[in-house]
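I have placed the structure first, in the form of structure tokens, so that the comments after it can refer back to it.
Laboratory data are not the source of any read-out in this text; all were calculated from the coordinates shown. Being a predicted model, the structure only gives us computed values, none of them experimental. Reconstructed Cβ throughout: ideal geometry from the backbone, glycine too, with neighbour counts over all protein chains shown.
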Amino acid sequence: MKRKICVVTGSRAEYGLLYWVLRDIQRAPNLELQLIVTGMHLSSEFGSTSVQIENDGFEIHHRIEMLLSSDSAVGVTKSTGLGMIGFADAFDSLKPDIVLLLGDRFELLAAASAALFAVIPIAHIHGGEVTTGAFDDAIRHSITKMAHLHFTSTETYRNRVIQLGENPANVFNVGAPGIDHIHRLKLLEREELEKKLGLSLGSSSLLITFHPATLEPGTAKRDFEVLLRALDQLENVSVVFTKANADTEGRSINEMIDGYVASRTNAIAHTSLGQILYLSTMKEVQGVVGNSSSGIIEAPSLKVGTLNIGDRQTGRVRAASVIDCPPTYEKICTALELLLSPAFQIGLCDVVNPHGSGNVSELIVDVLKTATPSDLIKKRFHDLNCSGDAE
């Protein structure tokens, strides 16, 4: 009998990171892929990206409508509650052997909670990381405590998961799955990319991806307005925006992007680029600007620099290609100048990505094949001694 692995995805970014894991589960003769799609994938406002999932050749086994048309704290909270109800029904119907989750969004908190109550083992990707500017941090650690198998992207993160009391035998440092795309996908050549983007990248260009820092309510519009002012000081630089996720205050950012692009000929905005277009764009630009994890995790593998603004990603392990700065006009202008400088661009050739070099999906699937679900359910807290070493 095949082992049923149920994978949950609620956003375009998360699906992109899961793509090769899904593909390798699908190809494994002793595994059966079950796919639950929820959140932004089912919303026309965010590109109805469930269509892309099906176009990629994946069968969707269950759709869970949980995303309310509100990015307020109340709206996100109610969406999470609706998600728990939907996941309870989905898991009861599908009866998976293992539920696989990636990341730290509120949709996944609902899925993990429902799986916990249904006594289904959880495998979690990207645990142990720290992002002090967003409530994703608490969600991520909460999922770690509900999960039974852990796949981290660095040894630092593996140690942190163990510090949270997880059994070291069930914590695997495999690297970041998003890097698999860079090695397994054929990215677009520049001419084809520019046609699909609807913008000439010229001699200098930037990819802008900015999301609300959810532990700093009321700051998203202010900080993004400062970034837009700084971008206007650049000469002969093309700008590609990807819109914000369905987080608190995300819609205000998207409205500002639309207004900015409408009055300029050197800028374009996309609700969802998809993984090939996104990484192809990243490969061709001179820098990734904003506060997305992709600028920290994937960009170094493409030898592309990153300007990370504010505290949303504070705590993540960084390559030398990442420039951090606070969300002030003067600091952003100075950081942009450094990012685009010839000396910094030349130095990117020597950057080493601390999040691994690929082959991540195969490593994850190998564990999913061999782990015994019934042996995972009853967890014991793994204590550390006073020196910080495992007892």
Lone qualifier among Ala176, Ala115, Ala111 - being surrounded by 24 or more Cβ atoms within 10 Å (Cβ to Cβ) and part of a loop (DSSP other than H, G, I, E, B):
Ala176
Could you go through region 65-80 and let me know if any residue there is polar (S, T, N, Q), part of a helix (DSSP H, G or I), within 20 Å of the chain's Cα centre (by Cα) and within 17 Å of Ala110 (Cβ to Cβ).
yes
Suppose the filter is surrounded by 15 or more Cβ atoms within 10 Å (Cβ to Cβ), in contact (Cβ under 8 Å) with a residue 12 or more places away in the chain, among the hydroxyl-bearing types (Ser, Thr, Tyr) and under 15 Å from Tyr15 (Cα atoms); does Thr38 pass it?
yes
Report, ordered by the first and then the second residue, all pairs with beta carbons closer than 8 Å, sequence separation of six or more or different chains, a first member in region 101-125 that is free of Cβ contacts under 8 Å to residues at least 40 places away in the same chain and under 17 Å from Gly75 (Cα atoms), and a second member that is among the polar types (S, T, N, Q) and in a helix (DSSP H, G or I).
Phe106/Ser79; Phe106/Thr80; Leu109/Thr80; Leu109/Ser142
In region 36-62, the residues that are touching a Leu at 6+ places or on another chain (Cβ under 8 Å) and at positive phi:
Gly39, Ser48
Among the numbered conditions (1) within 27 Å of His141 (Cβ to Cβ); (2) free of Cβ contacts under 8 Å to residues at least 40 places away in the same chain; (3) in a helix (DSSP H, G or I), tell me where Val51 comes up short.
(1)
Inside region 140-150, can you point out the residues that are buried (at least 21 other Cβ atoms within 10 Å of the Cβ), touching a Leu at 6+ places or on another chain (Cβ under 8 Å) and either touching a residue at least 24 places away in the same chain (Cβ under 8 Å) or in a loop (DSSP other than H, G, I, E, B) (or both)?
Ile143, Ala147, His148, Leu149
Residue within region 363-377 that is closer than 30 Å to Val226 by Cα and not acidic (Asp, Glu) present
no
Is it true that Ser321 is more than 19 Å from His183 (Cβ to Cβ) and among the polar types (S, T, N, Q)?
no
Might you check whether a residue that is under 28 Å from Thr372 (Cβ atoms), in contact with a strand residue (DSSP E or B) (Cβ under 9 Å, 6 or more places away or on another chain), assigned to a strand (DSSP E or B) and free of Cβ contacts under 8 Å to residues at least 60 places away in the same chain occurs anywhere in region 25-34?
yes
Would it be correct to say that Ser200 is surrounded by 21 or more Cβ atoms within 10 Å (Cβ to Cβ), of a type in the set (Gly, Ala, Ser) and touching a strand residue (DSSP E or B) at 6+ places or on another chain (Cβ under 7 Å)?
no
Reported set for region 97-144 where residues are among the β-branched types (Val, Ile, Thr) and out of contact with any strand residue (DSSP E or B) (no Cβ under 8 Å at 6 or more places or on another chain) is Val119, Val130, Thr131, Thr132, Ile139
Filter result for the condition that a residue is of a type in the set (Lys, Arg), touching a residue at least 40 places away in the same chain (Cβ under 8 Å) and loosely packed, with under 15 Cβ neighbours inside 10 Å, over Arg190, Arg251:
Arg190
